[in-house]
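K.L.:
Submitted below is the structure of interest, expressed as structure tokens.
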Amino acid sequence: MRKFLLHHKVFYLLFLGLLLQACGVKKSLNDLPHKTELQKPLPKRIKIAANHFQIGNNSLKKNDSGLWELYVEGNPLERGYAIGSLSEELIQKQERVFMDKIFEHVNSGSYQKFLSKIIAWYNRKLYLHVNEEFKEEIYGISRYNLHTYDEFAKPYVRSLYLHGAHDIGHALQDLMLVGCTSFAAWDEKTSDGQLLVGRNFDFYAGDQFSEEK
């Protein structure tokens, strides 16, 4: 009886996985920004000091308070490449810590694959609601992502998922990965009367995730 229930459960998970894969997920997994030079050579950064890097006018430096300060310019794809190159180790560390935190909660290989299908289905329309400028910048950054988690999702798609991780956290509340502080000001509260929005990235995924601000 136990063996029957186990086989029934496996069959159900496989069936549901195939069903989810067919529900408009494939298009979202293959979507890319509409840019012709997506595979152009990646820029090389110059190391000025231990915590200071530059690419032309673009720079990343840790200030005296221990906070990283990033400046980039150019078109969206150029900005993405610059961000990725300048902060490669930081991006990879944050991704590793975040993904390992998820896998700590979901430690079965089969359930990790199932979770990837659930998240793919949950985010199947995400690409339709991200404009091309953001897609290009995110794609540029994703060229520097780790390939350790490609089985879960490819770097660009995974990067889109991570940008929607707050919403995924709400959908998967058992992971307890939600909560950021934000503010908005406008009219006489800003120097030019325009809307100013800020967010503090205090999204918590463990102490390691919070080490590099």
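K.L.:
For residues in the range 193-213 being at pLDDT 70 or above, within 28 Å of residue 62 (Cα to Cα) and among the hydrophobic types (A, V, I, L, M, F, W, C), which is surrounded by the fewest Cβ atoms within 10 Å (Cβ to Cβ)?
P.N.:
Step by step, filter the range 193-213, then rank; the result is 197.
K.L.:
Among the residues of the range 71-88, which ones are modelled with pLDDT under 95 and open to solvent by 70 Å² or more (accessible area, probe 1.4 Å)?
P.N.:
Residue satisfying the conditions is 78 alone.
K.L.:
Within the range 54-70, can you find the residues that are modelled with pLDDT of 95 or more and open to solvent by 70 Å² or more (accessible area, probe 1.4 Å)?
P.N.:
Answer for the range 54-70, where residues must be modelled with pLDDT of 95 or more and open to solvent by 70 Å² or more (accessible area, probe 1.4 Å): 57, 61, 69, 70.
K.L.:
Now a separate question. Residues in the range 1-53 that are surrounded by 10 or more Cβ atoms within 10 Å (Cβ to Cβ), at pLDDT below 75 and hydroxyl-bearing (Ser, Thr, Tyr): how many?
P.N.:
1
K.L.:
What are the pairs, 6+ residues apart or on separate chains, where a residue within the range 143-163 that is under 16 Å from residue 94 (Cβ atoms) has its Cβ under 7 Å from a residue that is among the small types (Gly, Ala, Ser) and not in a helix (DSSP H, G or I)?
P.N.:
Pairs that qualify, where the first residue is under 16 Å from residue 94 (Cβ atoms) and the partner is among the small types (Gly, Ala, Ser) and not in a helix (DSSP H, G or I), are 161/153.
K.L.:
Sticking with this structure for a sec: Are any residues in the range 149-176 over 14 Å from the mean Cα position of the chain (by Cα) and modelled with pLDDT of 90 or more, and if so, which ones?
P.N.:
Kept after step one, since they are over 14 Å from the mean Cα position of the chain (by Cα), are these residues of the range 149-176: 151, 170-176.
Result: no residue meets the conditions.
K.L.:
To continue, here is another question. Limited to the range 127-154, what total is found for residues that are surrounded by 18 or more Cβ atoms within 10 Å (Cβ to Cβ), of a type outside the set (Ser, Thr, Tyr) and part of a helix (DSSP H, G or I)?
P.N.:
Residues meeting the conditions: 6.
K.L.:
Considering the range 101-126 alone, what residues qualify as being open to solvent by 90 Å² or more (accessible area, probe 1.4 Å) and either of a type in the set (A, V, I, L, M) or in contact with an Asp or Glu (Cβ under 9 Å, 6 or more places away or on another chain) (or both)?
P.N.:
105, 113, 122
K.L.:
Quick check: is even one residue across the range 177-192 buried (at least 19 other Cβ atoms within 10 Å of the Cβ), touching a helix residue (DSSP H, G or I) at 6+ places or on another chain (Cβ under 6 Å), modelled with pLDDT under 90 and not in a strand (DSSP E or B)?
P.N.:
As a first pass, look at the range 177-192 and keep what is buried (at least 19 other Cβ atoms within 10 Å of the Cβ): 177.
Applying the additional criterion that residues be touching a helix residue (DSSP H, G or I) at 6+ places or on another chain (Cβ under 6 Å) yields 177.
From what is left, the residues that are modelled with pLDDT under 90 are 177.
Add one more test, that the residue is not in a strand (DSSP E or B), and what stays is 177.
Yes, there is a match, as at least one residue in the range 177-192 is buried (at least 19 other Cβ atoms within 10 Å of the Cβ), touching a helix residue (DSSP H, G or I) at 6+ places or on another chain (Cβ under 6 Å), modelled with pLDDT under 90 and not in a strand (DSSP E or B).
K.L.:
Identify, please: which residue in the range 54-96 is among the polar types (S, T, N, Q) and not in a loop (DSSP other than H, G, I, E, B) and is, among those, nearest to residue 143 (Cα to Cα)?
P.N.:
Of all residues in the range 54-96, those among the polar types (S, T, N, Q) come to 54, 57-59, 63, 65, 75, 85, 87, 92, 94.
Narrowing the set further to residues that are not in a loop (DSSP other than H, G, I, E, B) leaves 54, 58-59, 85, 92, 94.
Numbers: 54: 18, 58: 17, 59: 18, 85: 9, 92: 11, 94: 15 Å.
Step by step, filter the range 54-96, then rank; the result is 85.
K.L.:
For residue 160, work out the one condition from (1) open to solvent by 20 Å² or more (accessible area, probe 1.4 Å); (2) within 25 Å of residue 59 (Cα to Cα) it doesn't fulfil.
P.N.:
Going through the list (1) open to solvent by 20 Å² or more (accessible area, probe 1.4 Å); (2) within 25 Å of residue 59 (Cα to Cα), residue 160 breaks only (1).
K.L.:
Within the range 97-116, take every residue that is of a type outside the set (Val, Ile, Thr) and outside any helix (DSSP H, G or I) and give me the one that is nearest to the chain's Cα centre (by Cα).
P.N.:
Filtering the range 97-116 down to residues of a type outside the set (Val, Ile, Thr) leaves 98-101, 103-105, 107-116.
Imposing the further condition that a residue be outside any helix (DSSP H, G or I) reduces the set to 107-108.
Working: 107: 21, 108: 22 Å.
It comes out as 107.
The values are calculated or read from the model by the stated rules, or taken from the named source; none is laboratory data. Being a predicted model, the structure only gives us computed values, none of them experimental. In this analysis, Cβ positions are derived from the backbone assuming ideal geometry, glycine residues included, and neighbour counts consider all displayed protein chains. Just the protein is used for accessible areas: all its heavy atoms, side chains included, with ligands, DNA and RNA removed. Shrake-Rupley method; radii C 1.70, N 1.55, O 1.52, S 1.80 Å.
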